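Here is the structure we will look at, set down as structure tokens.
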Amino acid sequence: MKKYTAEFFGTFWLVLGGCGSAVLAAAFPNVGIGLLGVALAFGLTVLTMAYAIGHISGCHLNPAVSIGLWAGGRFPAKQLLPYIIAQVLGGIVAGGVLFLIAGGKAGFDVAAGFAANGYGAHSPGGYSLGAALICEVVMTMMFLLVIMGATDKRAPQGMAPIAIGLCLTLIHLISIPVTNTSVNPARSTGVGVFVGDWAVAQLWLFWIAPIVGGVIGAAIYRYIGKTES
């Protein structure tokens with residue numbers, strides 16, 4: 001239960017910190033943090049939590065990461081469902097807290113987006129379903145490749161959180177215009193359920209694409225990282 005509780009609070013922090021920066025601070029009058037700031041905020045949530053709970057639960061914070069690590073031979077199947085449940089619940093609770101905070105400002109309208117992920121008319125840059133699918137698969141693939149490489153016993157010890165946090169920052173810098181960046185079904189669900197309507201209707205993509213990408217990335221590292229006998 002300690003592992004699941006750690007995953008709950010870790011994912012809570014990721015969604016509150018990342019999506020909170022987008023909803024509350026990205027376009028704040030005159031001193032908004034913008035796309036760069038939001039990308040950095042997501043990276044910082046993972047970086048800080050990796051040091052805080054990495055030694056407890058592994059700090060997955062993401063169903064696609066848990067499934068990818070399982071596919072890569074790094075995580076037991078019996079813990080997959082409890083991890084995913086804890087991550088999704090943490091994301092939804094964070095979305096609820098953010099909703100309460102954002103709702104304290106006059107004129108707040110959750111329908112404006114609430115940092116939800118989308119494609120087509122709901123993509124920040126108007127990107128198609130196909131573009132969103134490719135983007136999410138490839139970005140999550142590279143995320144798992146970095147995660148597995150950085151946490152390999154042969155990699156420099158103690159540096160994995162930095163590499164993983166910076167990787168997530170880079171992923172956001174690339175893909176915020178395309179999908180608002182998911183690469184994480186729990187993050188997408190956490191805010192999507194409060195937007196409802198189109199965000200829930202499009203949520204399937206932000207479960208399927210990251211999971212597929214995560215499994216591919218894990219398979220690639222399992223091949224290239226295998227020690228020659």
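The values are calculated or read from the model by the stated rules, or taken from the named source; none is laboratory data. Since this is a predicted model, take the numbers as computed values, not measurements. Because the Cβ atoms are built from the backbone with ideal geometry, glycine has one as well, and the counts that use them run over all protein chains shown. To get the accessible areas, we keep the full protein, side chains included, count just its heavy atoms, and leave off ligands, DNA and RNA. Shrake-Rupley method; radii C 1.70, N 1.55, O 1.52, S 1.80 Å.
Odds and ends about this structure:
- From the list PHE108, PHE114, the lone residue that is surrounded by fewer than 20 Cβ atoms within 10 Å (Cβ to Cβ) and either part of a loop (DSSP other than H, G, I, E, B) or charged (D, E, K, R) (or both) is PHE108.
- The helices (runs of 4 or more DSSP H) found wholly in segment 185-225 and carrying at least 3 residues that are open to solvent by 60 Å² or more (accessible area, probe 1.4 Å) occupy 197-201, 205-224.
- Among (1) in a helix (DSSP H, G or I); (2) within 20 Å of HIS172 (Cβ to Cβ); (3) in contact with a Ser or Thr (Cβ under 7 Å, 6 or more places away or on another chain) - the single one LYS3 does not satisfy: (2)
- Residue within segment 125-146 that is in contact with a helix residue (DSSP H, G or I) (Cβ under 9 Å, 6 or more places away or on another chain), aromatic (Phe, Trp, Tyr) and more than 28 Å from ARG222 (Cα to Cα) present: yes
- Exclusive hit being open to solvent by 50 Å² or more (accessible area, probe 1.4 Å) and either in a helix (DSSP H, G or I) or of a type in the set (A, V, I, L, M) (or both), set ILE53, ILE101, ILE67, ILE84: ILE101
- The single residue among GLY68, GLY118, GLY95, GLY58 that is touching a residue at least 60 places away in the same chain (Cβ under 8 Å), among the small types (Gly, Ala, Ser) and either on the phi > 0 side of the Ramachandran plot or in contact with a Phe, Trp or Tyr (Cβ under 6 Å, 6 or more places away or on another chain) (or both) turns out to be GLY95.
- Checking each residue in segment 110-164 for being more than 17 Å from the chain's Cα centre (by Cα), closer than 20 Å to TRP207 by Cα and among the hydrophobic types (A, V, I, L, M, F, W, C) picks out ALA121, LEU129, ALA131.
- Among (1) open to solvent by less than 10 Å² (accessible area, probe 1.4 Å); (2) part of a helix (DSSP H, G or I) - the single one LEU61 does not satisfy: (2)
- Checking segment 148-165 against the condition returns a match, with at least one residue being open to solvent by less than 10 Å² (accessible area, probe 1.4 Å), within 24 Å of VAL38 (Cα to Cα) and in contact (Cβ under 8 Å) with a residue 40 or more places away in the chain.
- Taken as a whole, segment 89-104 holds no residue that is of a type in the set (A, V, I, L, M), more than 16 Å from VAL195 (Cα to Cα), modelled with pLDDT of 95 or more and in contact with an Asp or Glu (Cβ under 8 Å, 6 or more places away or on another chain).
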